[in-house]
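Where a number appears in this text, it was derived from the coordinates with a stated rule and is not lab data. Owing to the predicted nature of the structure, the values given are computational and were not obtained by experimental measurement. Neighbour counts are summed over all protein chains in view; Cβ atoms, including those assigned to glycine, are modelled from backbone coordinates with ideal geometry.
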Amino acid sequence: MLVQALRDPAEKANLIGDIPALFLVAIVLMVLTPRSSSAGSYT
């Protein structure tokens, strides 16, 4: 989406609205995702 917004002048609105929102969702998901020191080890 970022590449398309930079290439196509009609997609400039995505730079203002959609792309920052996607980064915000990614950050929130990164914070909420549980982390463990032994990932994949269930024994």
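Converting phi to 3J(HN,Hα) with the Karplus coefficients 6.51, -1.76 and 1.60 and the offset θ = phi - 60°, the range 25-34 yields 4, 4, 5, 4, 5, 5, 6, 7, 6, x Hz in sequence order, with x at every glycine or proline. Computed from the Cβ-Cβ distance with R0 of 30 Å, the FRET efficiency linking Asp8 to Val31 stands at 0.40.
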